[in-house]
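**Q** The structure is given below, and queries will be raised subsequently.
The values are calculated or read from the model by the stated rules, or taken from the named source; none is laboratory data. These figures come from a predicted structure and were not determined experimentally. Because the Cβ atoms are built from the backbone with ideal geometry, glycine has one as well, and the counts that use them run over all protein chains shown.
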Amino acid sequence: MAPRELTQRYRHELKYFISFTDHKVLSDILADTLQADPHSNRQNEYWIRSLYFDTPGNNDYYEKMIGVDRRKKVRLRIYHTDQPEVNVEIKYKVNEYILKETALVTREDAAALINGNKEILLNYHNTILNQVYYIMSKDLYRPVVIVDYEREAYISPTQDIRITFDKSIRGSSVDFDLFSKDINMSPVFDEKTMVMEIKYNHFFPDWLRSVLSLSSGERYAISKYCLSRSIY
């Protein structure tokens with residue numbers, strides 16, 4: 001089986017904590033000036049669930065916490081609990097640049113991977129999944145946390161810019177059933193706090209930079225993975 005590969009080049013990624021009030025101001029402006037993500041519902045949102053893996057010594061977690069310049073995360077990602085295929089992703093971070101590489105596997109193989117069967121990745125004869133297999137086998141990766149949230153996203157296709165607001169971020173380190181609708185999740189922080197992310201390639205226009213400066217949010221090296229693990 002040969003899944004469709006989805007590979008992106010390195011991009012800039014900036015993250016901010018913002019308040020409910022700042023979000024309201026910015027989202028109203030962005031809704032008038034950019035396009036809503038085509039996957040959004042009527043509330044201009046869509047749901048995301050990610051299951052993260054890490055080593056027995058939590059190497060990826062601690063590399064993020066101490067600020068290692070070059071690091072990675074390995075995860076599964078879905079957008080509906082009933083979807084037939086699952087994204088297997090490696091997200092690399094080099095300073096403020098990111099590269100996300102993705103390939104698709106069946107939900108049955110995703111469940112097998114969660115249960116420790118890494119060899120199923122080799123059945124796809126796929127370069128990304130081969131790399132995931134190598135990483136997970138060499139360092140004994142296992143599932144450590146599931147993270148859910150709602151995302152509101154705005155895009156500028158011509159300039160390849162994406163601005164997102166992640167809300168109601170919650171996690172579980174005790175239940176790794178990726179497809180369950182009944183996981184008992186714990187909130188990462190209060191509902192009035194959101195994470196704003198800005199992704200772009202080479203150019204970020206001055207007018208958009210001015211719009212975003214209306215927010216009082218401060219830039220941080222935010223990781224929903226680490227925040228969700230920290231609550232446990």
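**Q** Of all residues in segment 120-138, which are in contact (Cβ under 8 Å) with a residue 12 or more places away in the chain and within 24 Å of ARG71 (Cα to Cα)?
**A** Correct list: LEU121, ASN126, THR127, ILE128, LEU129, GLN131, VAL132, TYR133, ILE135, MET136, SER137.
**Q** Output the number of the condition that GLY67 fails; it satisfies all remaining conditions of (1) of a type in the set (Gly, Ala, Ser); (2) within 15 Å of the chain's Cα centre (by Cα); (3) under 22 Å from GLU197 (Cα atoms).
**A** In the conditions (1) of a type in the set (Gly, Ala, Ser); (2) within 15 Å of the chain's Cα centre (by Cα); (3) under 22 Å from GLU197 (Cα atoms), GLY67 misses (2) alone.
**Q** Tell me which residues, restricted to segment 184-205, are loosely packed, with under 13 Cβ neighbours inside 10 Å and either within 26 Å of GLU96 (Cα to Cα) or in contact (Cβ under 8 Å) with a residue 12 or more places away in the chain (or both).
**A** ASN184, SER186, GLU191, LYS192, HIS202, PHE203, PRO205
**Q** Also, quick follow-up: Which of the residues spanning segment 123-148 are surrounded by 14 or more Cβ atoms within 10 Å (Cβ to Cβ), under 15 Å from ALA103 (Cα atoms) and either hydroxyl-bearing (Ser, Thr, Tyr) or at pLDDT below 95 (or both)?
**A** TYR124, TYR133
**Q** Return only the number of the condition from (1) farther than 23 Å from MET185 by Cα; (2) of a type in the set (A, V, I, L, M); (3) crowded, with 19+ Cβ neighbours inside 10 Å that ILE78 does not satisfy.
**A** Going through the list (1) farther than 23 Å from MET185 by Cα; (2) of a type in the set (A, V, I, L, M); (3) crowded, with 19+ Cβ neighbours inside 10 Å, ILE78 breaks only (1).
**Q** When VAL174 is evaluated against the numbered criteria (1) more than 15 Å from ASP148 (Cα to Cα); (2) at pLDDT 85 or above, which criterion, by number, is the only one it fails?
**A** (1)
**Q** Could I ask something else about it? Could you grab me the full set of residues in segment 88-147 that are over 19 Å from TYR225 (Cβ atoms), part of a helix (DSSP H, G or I), of a type in the set (Val, Ile, Thr) and under 19 Å from the mean Cα position of the chain (by Cα)?
**A** ILE128
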